Amino acid sequence: MNINLARKLDYYFGIPLCLLLSLLENLRKVIFRKKRKNNPQKIMFIELSEMGSAILAYSSIIKAREFFPSAELYFLIFKKNEESVYVLDVIPKGNVLTVRTDSILGFLADLLRAIYSVRKKKIDTVIDMELFSRLTSIISCLSGADIRVGFDRFTLEGLYRGNLYTHKVAYNAYMHISKNFIALVYALLAPEGELPMVKTSIVGLHTFVPEYTPSQADKDQIKRLLEKENSHITGAGKIVILNPGINEALQIRRWPLEHYFSLAEKLLARQNVFVIFIGIGKNNAIKDEALGKLGDRAINLLGRIDLRQLLALYSISNLLISHDSGATNIASLTEIPVIALFGPETPVLYAPLKENKKIFYLNFACSPCLNAYNHRDSSCKNNKCMQEIKVEEVFLEAEKHI
């Protein structure tokens with residue numbers, strides 16, 4: 001589903017639905033006065049749209065398991081991102097609910113099916129990790145859960161998503177998103193009526209992701225694929241992965257494609273270096289003639305490998321260079337060094353959770369312009385904050401690893 005269409009649906013249908021459900025919810029509270037539960041038995045996390053954010057949710061899931069060891073854990077996510085939950089190996093596969101996004105009818109059918117399934121399973125607690133999404137606010141309400149946790153706008157203008165949460169948490173734009181997610185879990189322990197939640201310091205908490213070890217079969221498969229492209233690649237050479245983000249929804253976050261090609265040329269000037277282009281979407285986005293100029297040590301895997309194969313590729317490679325994207329957060333599951341390029345979004349919130357990283361961020365006065373308060377929809381048409389990250393500076397940092 002096109003991201004702009006999704007935003008319009010969320011606005012034009014989401015706002016009136018949130019208002020209607022809020023009125024019904026307020027009426028229900030007057031008629032049926034329920035005592036608040038403090039012992040969740042079935043907890044469902046909602047993080048639909050971002051594969052990287054699903055990875056960054058790991059610490060909050062572990063914290064929920066620590067606070068409520070007997071609770072059964074569930075996760076709701078778009079089907080195209082479901083593998084990001086499986087690789088965390090913390091939610092049972094049968095407890096991951098998915099929604100297709102390839103068509104409106106498929107989306108609506110899966111959404112209704114997921115809500116029905118949640119109600120049938122009698123899930124009592126929903127933790128909505130989406131940033132001011134009206135869709136997930138509606139899902140939380142329709143889930144039938146007695147406890148519903150989510151980010152609330154409080155006194156902010158706009159961002160209306162109804163009055164559908166029992167536990168309203170303040171979103172903190174100055175704290176890493178993984179810790180914002182943990183705040184949602186801490187809200188389950190907060191005193192009733194506390195506003196805003198949570199009045200607990202979590203800045204010092206350590207957030208992390210698990211270490212993923214690819215299977216030997218996945219490693220062998222990716223090696224065969226690479227050797228088919230160039231028989232020398234799995235020898236003594238160095239492998240550098242570039243993620244130009246050609247088909248990603250938020251194009252404003254991208255480093256210019258010509259910068260990636262200039263960087264590739266500099267890297268390939270070293271005889272022992274191989275460059276691999278990765279990304280989602282169709283394989284025809286990088287023109288063959290452009291790759292041809294780079295030589296046979298430049299390999300295009302755009303749209304050709306799945307998440308587990310990508311993790312296997314990371315495990316045998318020497319460096320990943322990418323703009324801020326899911327690719328950098330997925331890389332946190334492995335030991336591969338990362339060079340991450342930020343501009344429209346801030347590393348304060350979305351830096352990968354690993355020590356072996358280098359962040360490029362120019363701190364323009366207008367940056368970050370993508371945030372939770374504008375539904376990540378910037379008016380910028382000229383992302384100079386990315387364009388002016390110099391190829392030479394990135395190359396000098398990359399040289400340390402090759």
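Couple of notes before you dig in:
Every residue, every condition in (1) at pLDDT below 95; (2) over 21 Å from Thr213 (Cα atoms), yes or no:
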residue	(1), (2)
Thr234	yes, no
Ile239	no, no
Asn284	yes, yes
Glu289	yes, yes
Leu311	no, no
Ser317	no, no
Ala331	no, no
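- Residue satisfying condition, being at pLDDT below 95, in contact with a Pro (Cβ under 9 Å, 6 or more places away or on another chain) and either closer than 21 Å to Tyr361 by Cα or not hydrophobic (A, V, I, L, M, F, W, C) (or both), within set Gly279, Gly295: Gly279
- Subset of the stretch 363-391 [surrounded by fewer than 15 Cβ atoms within 10 Å (Cβ to Cβ) and free of Cβ contacts under 8 Å to residues at least 60 places away in the same chain]: Asn363, Ala365, Cys366, Asn374, Ser379, Lys381, Asn382, Lys384, Glu388, Lys390
- Tallying residues that are of a type in the set (A, V, I, L, M, F, W, C) and under 22 Å from Tyr314 (Cβ atoms) within the stretch 341-398 yields 9.
- With respect to being buried (at least 16 other Cβ atoms within 10 Å of the Cβ), touching a Leu at 6+ places or on another chain (Cβ under 7 Å) and β-branched (Val, Ile, Thr), Ile239 falls outside the description.
- Filter result for Glu83 (in the same structural domain as Arg7 (by TED's automatic domain parsing), among the acidic types (Asp, Glu) and at pLDDT below 95): no
- Residue in the stretch 345-358 that is assigned by TED's automatic domain parsing to the domain that holds Gln221, surrounded by fewer than 19 Cβ atoms within 10 Å (Cβ to Cβ), farther than 26 Å from Ala269 by Cβ and more than 17 Å from the chain's Cα centre (by Cα) present: yes
- Residue check for Ser60: within 19 Å of the chain's Cα centre (by Cα) and not hydrophobic (A, V, I, L, M, F, W, C): yes
- Some residue of the stretch 287-297 being in contact (Cβ under 8 Å) with a residue 40 or more places away in the chain, on the phi < 0 side of the Ramachandran plot and crowded, with 18+ Cβ neighbours inside 10 Å: yes
- Cross-chain or 6+ apart pairs with Cβ under 8 Å, the stretch 227-250 first and within 11 Å of Ser322 (Cα to Cα) and free of Cβ contacts under 8 Å to residues at least 12 places away in the same chain, then polar (S, T, N, Q) and crowded, with 19+ Cβ neighbours inside 10 Å: none
- Of the set (1) under 16 Å from His167 (Cα atoms); (2) surrounded by fewer than 21 Cβ atoms within 10 Å (Cβ to Cβ); (3) not basic (Lys, Arg), all apply to Phe45 but (2).
- Cross-chain or 6+ apart pairs with Cβ under 6 Å, the stretch 326-339 first and closer than 14 Å to Ser53 by Cβ, then at pLDDT below 95 and assigned to a helix (DSSP H, G or I): Gly326/Met51; Gly326/Gly52; Asn329/Gly52
- Residue ID - surrounded by the most Cβ atoms within 10 Å (Cβ to Cβ), chosen from residues in the stretch 196-207 that are modelled with pLDDT under 95 and of a type in the set (Ser, Thr, Tyr): Thr200
- Looking at Gly235, Gly279, just one residue is at positive phi and not acidic (Asp, Glu), and that residue is Gly279.
- Within the stretch 345-375, restricting attention to residues that are touching a strand residue (DSSP E or B) at 6+ places or on another chain (Cβ under 7 Å) and of a type in the set (D, E, K, R), the residue that is farthest from Leu56 (Cα to Cα) is Lys358.
- Among the residues of the stretch 207-264, those that are closer than 30 Å to His375 by Cα, charged (D, E, K, R) and within 20 Å of the chain's Cα centre (by Cα) comprise Glu248, Arg253, Arg254.
- Count - residues of the stretch 63-106 that are exposed (fewer than 13 other Cβ atoms within 10 Å of the Cβ) and closer than 19 Å to Ile182 by Cα: 4
- Failed condition for Tyr12, given (1) buried (at least 17 other Cβ atoms within 10 Å of the Cβ); (2) out of contact with any Leu (no Cβ under 8 Å at 6 or more places or on another chain); (3) hydroxyl-bearing (Ser, Thr, Tyr): (1)
- Within the set Glu47, Glu66, the sole residue that is in contact with a Ser or Thr (Cβ under 9 Å, 6 or more places away or on another chain), of a type outside the set (Phe, Trp, Tyr), at pLDDT 95 or above and within 30 Å of Asp324 (Cβ to Cβ) turns out to be Glu47.
The values are calculated or read from the model by the stated rules, or taken from the named source; none is laboratory data. No experiment lies behind these values; they were computed from the predicted model shown. Positions of Cβ are backbone-derived with ideal geometry, glycine not excepted, and every protein chain shown enters the neighbour counts.
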